[in-house]
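All of the numbers you see were taken from the coordinates with simple rules; none came from a lab. Just so you know, these numbers come straight off a predicted model, no measurement behind them. Cβ: placed from backbone, ideal geometry, glycine included. Neighbour counts: every protein chain shown.
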Amino acid sequence: MQNYTIRHNALTAEEFISLWESVWGQGPTPEQTRLAMEHTLFRVSMYDGDKVIAMARMIGDMGLCYYIKDVVVRPEYQKQGLGRMLIEELLRFVNANGISGTSVFVELCAMPDKMPFYAQFGFAANEAQRMKQMYQIQ
């Protein structure tokens, strides 16, 4: 694997949108993304030189639950272990910031084809079903 740079809490809204669109298509607005970056507990991003190539972020309350969101690796950089490095960075954040001796929920939502990837870190599916609504703000 090449020598990529890992940065914490440096991911910009523009970089986030660029990565999002490399995998999922049309991204959120810059205004939405800036607000999301400001309120994210922890962001980890990876760079090949100046080019952002991967990201993940953690949201939550720091006491009882942490939620992994937006794990993205540019398609041309996939299968190099970058996703593993992102998840390890997020879990280090939880360990460094949680209350010693307690247990917390670390949750995420994954597509079925990605579940084996997350299982290697100890994540397991349960009987709960994810529910969502795309709410239109007035």
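Among the residues of the range 73-96, those that are exposed (fewer than 14 other Cβ atoms within 10 Å of the Cβ) and basic (K, R) comprise K79, R84, R92. Where strands (runs of 3 or more DSSP E) fall wholly inside the range 1-87, the ranges with 2 or more residues that are under 24 Å from S103 (Cβ atoms) are 42-48, 51-60, 65-73.
If you go through the range 53-76 and keep only what is under 13 Å from V106 (Cα atoms) and in contact (Cβ under 8 Å) with a residue 12 or more places away in the chain, you end up with R57, M58, I59, G60, M62, G63, L64, C65, Y66, Y67, I68, K69.
When the range 38-52 is limited to residues that are of a type outside the set (K, R), buried (at least 17 other Cβ atoms within 10 Å of the Cβ) and free of Cβ contacts under 8 Å to residues at least 40 places away in the same chain, the one that is nearest to K69 (Cα to Cα) turns out to be T40. The residues of the range 90-112 that are in a loop (DSSP other than H, G, I, E, B) and closer than 19 Å to N126 by Cβ, listed by number, are S103, V104, L108, C109, A110, M111.
Being among the aliphatic types (A, V, I, L, M), touching a helix residue (DSSP H, G or I) at 6+ places or on another chain (Cβ under 8 Å), in contact (Cβ under 8 Å) with a residue 12 or more places away in the chain and within 20 Å of F16 (Cα to Cα) is a description that does not apply to V106. Could you please find all residues in the range 4-27 being more than 14 Å from the chain's Cα centre (by Cα), surrounded by 14 or more Cβ atoms within 10 Å (Cβ to Cβ) and closer than 20 Å to M134 by Cα? The one that is more than 14 Å from the chain's Cα centre (by Cα), surrounded by 14 or more Cβ atoms within 10 Å (Cβ to Cβ) and closer than 20 Å to M134 by Cα: G27.
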